[in-house]
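Working notes for the structure below.
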Amino acid sequence: VESSIPEPQRDAWKKHSAQGFKTKEEFQDETVRHIETSLARSLFNCDELAAYSGASLAFRDRLIIEWNKTQQRQTFAGQKRVYYFSLEFLMGRALDNAMLNVGLKDVARDGLSELGFRIEDVISQEHDAALGNGGLGRLAACFLDSMATMNYPAWGYALRYKYGIFKQEIVDGYQVEIPDYWLDFNPWEFPRHDITVDIQFYGSVNKHQNEDGKTLSVWEGGEIVQAVAYDAPIPGYETSTTNNLRLWSSKASSGEFDFQKFNAGEYEGSVADQQRAETISAVLYPNDNLDRGKELRLKQQYFWCAASLFDIVRRFKKTKKPWSAFPDQVAIQLNDTHPTLAIVELQRILIDLEGLEWDDAWHIVVNTFGYTNHTVMPEALEKWSVPLLQHLLPRHLLIIYDINMKFLQMVEKQFPKDRDLLGRVSIIEESQPKMVRMAFLATIGSHKVNGVAELHSDLVKTTILKDFVKIYGPDKFTNVTNGITPRRWLHQANPRLSELIASKVGSYEFLKDLTLLNKLEHYVDDKDFKKEWQDIKYANKVRLAQHIMNTTGVKVNPKALFDIQVKRIHEYKRQQLNILGVIHRYLTIKAMSAEERKKLAPRVSIFGGKAAPGYWMAKTIIHLVCSVGEVVNNDKDVGDLLKVIYIEDYNVSKAEIITPASDISEHISTAGTEASGTSNMKFVLNGGLIIGTCDGANIEITREIGENNIFLFGNLAEDVEDLRHAHTYGKFQLDEDLKKVFDAIKGGLFGDAGHFSALCNSIVDHGDYYLVSDDFNSYVKTHALVDEAYKDQDEWVSKCITSVSRMGFFSSDRCIQEYADMIWNVEPLPPKP
Ligand code: BZD
């Protein structure tokens with residue numbers, strides 16, 4: 001309050017309030033001013049990067065002005081806000097999105113052009129904000145876009161990693177990781193050096209008595225690291241609502257120790273402390289769907305949760321409302337178990353610092369949190385060792401024990417005779433060392449638990465959280481099928497298709513209500529429309545072919561069928577099935593007569609995606625793809641009939657080029673392993689068909705678009721367990737065609753067979769856990785159906801149009817609506833007209 005401008009001076013202030021540009025001239029004024037002053041460049045020294053920076057600063061100013069207004073409006077309205085806690089936000093580029101969302105892209109295009117720049121070149125200067133691994137991080141980014149667009153008062157909270165996901169280079173057919181230092185020049189963030197939080201680690205817990213004679217647990221000693229806030233404005237589409245993504249950066253706590261050490265002549269020691277503190281937010285862990293239990297990762301989690309909660313509690317206290325109102329003001333969504341410590345931290349704040357009784361505090365906690373599960377695979381479920389927690393967060397461990405005790409007492413009362421049950425649902429796993437099961441803690445500490453596609457949510461209820469359904473009843477568990485933002489994944493990535501759609505459905509309204517796409521279905525037989533549709537797909541393929549030429553030197557024919565699988569490399573996602581299928585195709589072509597070859601549709605098999613640096617098998621898969629490409633692409637006898645491409649460094653901005661260019665894309669995980677998948681939705685929305693297993697959201701996509709419009713194959717989730725059992729007990733039979741493929745690899749057709757032996761053996765000798773052999777035959781047959789179908793282009797295009805027209809359900813706007821209604825209980829707050 002003391003920092004407010006006094007009443008009499010406010011008019012003067014308001015008169016000078018920044019407004020942000022609206023016209024082309026104002027945009028040019030701002031851009032040139034930023035280039036000349038913020039960047040200290042000139043007319044004689046302005047390259048595309050400087051133009052990008054100037055334009056971005058002009059847009060950032062505009063966003064910050066709206067951001068300020070939005071935050072004031074939300075504070076005055078005093079209604080509930082959503083806080084999305086995610087260790088990852090895979091935002092990609094911001095400028096194009098900002099231009100589109102504030103409705104000034106045409107202004108910027110004209111303005112830049114007069115200043116001597118092409119808007120596309122300027123946009124492509126931007127370095128992706130790659131603070132995420134894959135689907136989970138990109139989902140968080142789509143949700144931010146939808147929440148702002150739908151005017152929900154919502155913040156994202158994350159870490160400001162100095163290094164995002166590594167950049168991938170392919171050197172001699174192997175993945176090499178390069179650090180991604182993305183902060184060199186980042187015009188989109190706004191440092192808030194005045195917003196800091198001290199975060200405590202280590203130390204011990206001691207009992208003290210307060211004045212009323214009550215015994216309190218006090219967490220003392222240890223070390224303090226400071227969290228500094230950096231804000232990134234999140235503009236909604238066609239609304240002035242501008243939400244906030246707050247990223248915390250770590251540094252050594254100011255004051256105390258460094259000066260002491262400095263005086264004592266320990267300058268180097270104080271610098272070392274500084275560096276140690278900065279390590280916390282230094283790097284994004286590059287593993288997806290694997291839990292490695294590293295201490296620094298736990299430190300990251302607590303640092304981020306504690307800073308974010310402090311911030312939220314500080315904001316809540318300003319309202320002067322009673323603690324019981326906290327869940328009416330605050331909804332926190334946990335994106336996977338990574339932020340589960342927030343549950344414990346809020347309980348600690350309430351009982352240790354604010355003096356609430358345990359039960360009152362716990363009631364508030366549970367009603368505040370919702371937990372989203374993204375996997376049921378055992379190796380991905382987070383567990384932390386008790387000794388590590390004891391060392392790093394001694395008070396939190398005690399609170400976890402108390403949460404567990406009260407929970408188990410409740411279960412014991414409800415199921416008095418079921419001893420095994422207590423062991424099964426205990427937060428503490430009685431292993432050596434003991435482990436804290438984070439998914440259980442998140443479930444117990446939240447009022448709703450959701451999976452991310454129907455099949456996945458069912459699996460959550462019947463496998464990992466089965467006992468909890470029995471304890472809490474089914475209503476605590478729900479499904480919110482994932483979605484994607486049509487702004488980025490249709491309009492930005494595929495502007496021509498978006499324009500064509502708009503011309504038919506009457507306006508761009510479908511970008512805010514994706515179900516309006518259903519009007520397209522009237523045009524499935526419209527010749528001119530179909531021709532334009534095909535032309536756009538072709539142009540998108542030409543653009544990708546150009547990218548492939550520029551980056552790999554391989555020439556691909558844009559008339560060929562583009563078959564794409566881009567996503568993180570993982571055995572469960574089965575890129576190995578794809579490349580083994582490609583080898584089978586190659587062998588088949590080699591054995592064909594010239595006559596037979598004429599009937600075959602030329603193919604380009606395109607792969608892309610990063611492997612976790614320590615995931616040897618995934619790296620072997622990349623190496624196999626590259627080695628096959630090396631042989632096939634240089635085989636003159638095969639020519640255009642088959643090309644195999646590895647696109648380096650797959651990321652969000654590459655996805656925007658790749659997705660619109662697919663004829664068919666592959667979503668072929670072993671049934672029951674891919675929680676949802678979201679690129680499947682992006683590909684279909686861009687007029688590509690998909691080949692997939694009955695897994696994740698593929699099932700709902702099929703239901704929506706119709707089973708004639710998708711190529712499904714493979715075993716069902718319900719049969720996977722039996723098949724694995726059969727493998728283990730000696731009934732494993734290697735598929736005949738697959739055997740020929742392995743023989744070719746073993747014969748050295750793709751270089752030193754030794755490189756691939758572990759990969760082959762995992763299938764042949766070690767139980768084929770991901771059922772590659774079981775699904776191989778139906779996979780190959782389904783590809784033959786794809787070949788056949790592609791020959792009838794007219795029918796193919798009809799399938800694509802029908803599919804797009806039925807994709808309305810998969811907008812992330814629909815997801816956010818469901819979260820808001822079923823889980824958060826929040827209302828939108830639209831700006832005043
Ligand atoms: O989340 C993914 C799932 O594998 C997809 O099926 C699903 O569509 C998306 C969105 O719900 N999970 C991840 O991407 N997980 C991770 O990236 C991850 C990262 C760190 C630790 C554990 C998992």
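The values are calculated or read from the model by the stated rules, or taken from the named source; none is laboratory data. Note that the structure is a prediction, hence the values are computed from the model and not measured. Ideal geometry is used to build each Cβ from the backbone, glycine not excepted, and the neighbour counts take in all protein chains shown.
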Exercise for review: Starting from the range 125-144, take each residue that is assigned by TED's automatic domain parsing to the domain that holds ARG160 and crowded, with 24+ Cβ neighbours inside 10 Å and list its partners that are charged (D, E, K, R) and part of a helix (DSSP H, G or I), counting only C-beta distances under 7 angstrom and pairs at least six apart or across chains.
Suggested key: GLY132/ARG138
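Residues that are of a type in the set (Asp, Glu) and surrounded by fewer than 17 Cβ atoms within 10 Å (Cβ to Cβ): which helices (runs of 4 or more DSSP H) entirely in the range 346-417 hold 2 or more of them?
Values: elements: 358-368, 386-392, 394-414.
It comes to 358-368, 394-414.
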Practice item. Looking at (1) within 27 Å of THR673 (Cα to Cα); (2) more than 16 Å from the ligand (Cβ to nearest atom), find the lone condition where LEU517 falls short. Key: (1)
Study note, to complete from the structure: Note on the range 170-216: residues modelled with pLDDT under 95, farther than 23 Å from ASP649 by Cβ and not in a strand (DSSP E or B) are ASN210, GLU211, ASP212, GLY213, LYS214
Study note, to complete from the structure: Taking first residues from the range 326-344 that are in the same structural domain as PHE369 (by TED's automatic domain parsing) and on the phi > 0 side of the Ramachandran plot and second residues anywhere that are assigned to a helix (DSSP H, G or I) and within 15 Å of the ligand (Cβ to nearest atom), the pairs with Cβ under 8 Å that are 6 or more apart or on different chains are ASP336/LEU136
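One line per residue, one yes/no per condition, for (1) at pLDDT 95 or above; (2) farther than 25 Å from ALA789 by Cβ; (3) away from the ligand (no atom under 14 Å from the Cβ); (4) in a loop (DSSP other than H, G, I, E, B):
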{"residue": "CYS626", "(1), (2), (3), (4)": "yes, yes, yes, no"}
{"residue": "VAL631", "(1), (2), (3), (4)": "yes, yes, yes, no"}
{"residue": "ILE645", "(1), (2), (3), (4)": "yes, no, yes, no"}
{"residue": "ALA675", "(1), (2), (3), (4)": "yes, yes, no, yes"}
{"residue": "ASN680", "(1), (2), (3), (4)": "yes, no, no, no"}
{"residue": "ASP695", "(1), (2), (3), (4)": "yes, no, no, yes"}
{"residue": "GLU704", "(1), (2), (3), (4)": "yes, no, yes, no"}
Review point. MET435 versus (1) of a type outside the set (Gly, Ala, Ser); (2) within 16 Å of the ligand (Cβ to nearest atom); (3) in contact with a Lys or Arg (Cβ under 6 Å, 6 or more places away or on another chain): which is the lone unmet condition?
Key: (2)
Review point. Looking at LEU749, is it in the same structural domain as TRP533 (by TED's automatic domain parsing) and assigned to a strand (DSSP E or B)?
Key: no
Check your understanding: Within the range 463-475, can you find the residues that are surrounded by 11 or more Cβ atoms within 10 Å (Cβ to Cβ) and either in a helix (DSSP H, G or I) or not assigned by TED's automatic domain parsing to the domain that holds THR372 (or both)?
Key -> LYS466, ASP467, PHE468, VAL469, LYS470, ILE471, TYR472
Exercise for review: Search the range 310-338 for residues being in contact with a strand residue (DSSP E or B) (Cβ under 8 Å, 6 or more places away or on another chain) and in a helix (DSSP H, G or I), and hand back the single one that is surrounded by the most Cβ atoms within 10 Å (Cβ to Cβ).
Suggested key: ILE312
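One line per residue, one yes/no per condition, for (1) within 16 Å of the ligand (Cβ to nearest atom); (2) of a type in the set (Phe, Trp, Tyr); (3) touching a Lys or Arg at 6+ places or on another chain (Cβ under 6 Å); (4) over 30 Å from LEU544 (Cβ atoms):
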| residue | (1), (2), (3), (4) |
| --- | --- |
| GLU454 | yes, no, no, yes |
| LEU459 | yes, no, no, yes |
| LYS470 | no, no, no, yes |
| PRO474 | no, no, no, yes |
| THR485 | yes, no, no, no |
| ARG488 | yes, no, no, no |
| SER503 | no, no, no, no |
Review point. Across the range 650-668, what is the total count of residues that are over 21 Å from ALA140 (Cβ atoms) and not in a helix (DSSP H, G or I)?
Key: 6
